[in-house]
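What follows is a set of notes on a single structure, which appears directly below.
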Amino acid sequence: MVSGAGSGRPPVIPLARPVLGESEARALTEVLDSGWLVQGEQVRQFEGLLSARLDGVGCVACSSGTAALQLAIACLQLSPGSRIAVPAYTFAGPLNAVLLAGMEAVLVDVEPETFKIRADSLLELLDEPKPPAALIIIHQFGLPADLQPLLEPARTGGVAIIEDAACALGSHLQLNGKQVAAGTVGDLGCFSFHPRKLITTGEGGAVVSRQQQLAERAALLRNHGIVRDEQGLTSYAEAGWNFRLSELHAALGVIQMDRLDGILRDRQDVAKRYLSALAPLQEFGLQLPQVPDGRHGNWQSFVVRVPDRLGAKAVAAKLRQRQIGSTPAAQALHLQPAYKNVECWGGSLDGAALCGRTGLALPTPPQMSDQQIDQVTEALQAILS
Ligand SMILES: Cc1ncc(COP(=O)(O)O)c(C=O)c1O
């Protein structure tokens, strides 16, 4: 269902596949039988399960990860034209959300070894006479970013932090010696439940916050800005969107939450086997993903860097010929036509450009066999050597 790059025969080893079964089919039928399709018991249950998983934060389910980011930005009530820092190497959703909110984006470079936004560049930016009003910190591919050095300077400067945890449900990072769930540290956290994520609702997302007024505002803006009085009569407190998650989508989410621990174990296992099988290919210039101490990623994607002389697009095409799904993992956004006028912090964003050329997501279908891992390894060895 999720295809890799290029064309030709469909991959025998798909890039990814959601884990779905009978329980999801039953849950959908039950919602249809109930006749209640929007903003009901399933959405409430899904939000409750997410909140329980995320240390009790306020959870507002919505229609996509990008909608979650739009809500998060709107919740901050920044003046139009405020600057918001975004990593230069990522999916376009966070940057689009910033630009479409009427804000000024500042693209910041990433570390090629870990794909995360450069904390040193952000600290320089926070020291500027006109620092950004907010930072979007992405837990890229589920690998937790480095929030610890940013929290105090951001707090002191009154700069908000939005964690883009679209890929990071189940990931943890270390903060003041404690493991905390990715998405729960900043002022707001955003999740996606697109089919490439660990659990899926088809399309879907959630905004979370420990600050009750922010979570309440996200709930208000998700539903046209409607408030109801005790009689159930509606009035509009302010202009909002329809970013609701349907009951059908939420019912999938309720079942999927039950699967999360199993999926997390499966991804850890695949990552461990990939790391060991691919280690000898470092000799041919393959760079393996690095997880710094104290972080526990969910391995939403297993992203390697192929040698620059080959490039991720070409390697993906060659894997595709061997019926192996893979894809360039994300884009260097400053090199995309849509964003040519966006400010680049520090001028050239070499780390992001390198990741854009060389970052490749390898297939991680559920319960990948040793044989499939060997197939990918052998194919990569043949392409790289
Ligand atoms: C880092 C990041 N942020 C945001 C999104 C947007 O999520 P959605 O596709 O649910 O809108 C994605 C989607 O892949 C993503 O990878």
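The values are calculated or read from the model by the stated rules, or taken from the named source; none is laboratory data. Note that the structure is a prediction, hence the values are computed from the model and not measured. For neighbour counting, all protein chains shown are included, and Cβ atoms are generated from backbone atoms with ideal geometry for every residue, glycine included. For accessibility, only protein heavy atoms count, side chains too; no ligands or nucleic acids. Shrake-Rupley method; radii C 1.70, N 1.55, O 1.52, S 1.80 Å.
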Rule-of-thumb Rg ratio for the stretch 67-162 [Cα; 2.2 N^0.38 Å; N residues]: 0.99
Two-site label geometry, Leu175 and Leu248: point separation in nm, points 7 Å out along Cα→Cβ: 3.7
Using the heavy atoms of the protein chains and a 1.4 angstrom probe, tell me the accessible area per residue for the stretch 261-384 in square angstrom. 45
Report the FRET efficiency, 1/(1 + (r/R0)^6), for Leu123 and Gln213, where r is their Cβ-Cβ distance and R0 is 22 Å, rounded to 0.05. 0.20
Over 36 Å, how big is the tail of the calculated P(r) for the chain, in percent of all Cα pairs? 23
Could you work out the percent of alpha carbon pairs in the stretch 95-240 separated by over 17 Å, rounded to a whole number? 67
Carbon and sulfur %, accessible surface of the stretch 22-255 computed with the full protein complex present, 1.4 Å: 52
Mind giving me the nanometre distance, one decimal, between the label points for Thr156 and Arg265, set 7 Å out from Cα along Cα→Cβ? 4.5
One finds the C-alpha centres of the stretch 169-244 and the stretch 330-385 to be spaced, in Å, by 29
Please sort 181-191, 222-232 by packing, taking for each peptide the average over its residues of neighbouring beta carbons within 10 angstrom, highest first. 181-191, 222-232
Order the peptides 274-287, 21-34, 112-125 from the highest to the lowest mean number of other Cβ atoms within 10 Å of their residues. 112-125, 274-287, 21-34
Please list the three semi-axes, largest first and in whole Å, of the ellipsoid equivalent to the stretch 203-272, using sqrt of 5 times the eigenvalues of its alpha carbon gyration tensor. 34, 14, 10
For the chain, what does the relative contact order come out to in percent, with C-alpha contacts under 8 Å and a separation of six or more? 25
Can you tell me the order of 253-261, 200-208 when each peptide is scored by its average per-residue count of other Cβ atoms within 10 angstrom, highest first? 200-208, 253-261
Please express the shape of the stretch 261-384 as an equivalent ellipsoid: the semi-axes are the square roots of 5 times the eigenvalues of the C-alpha gyration tensor, given largest first in whole angstrom. 26, 18, 14
Relative contact order for the stretch 68-148: what percent, with Cα pairs under 8 Å and sequence separation of 6 or more? 32
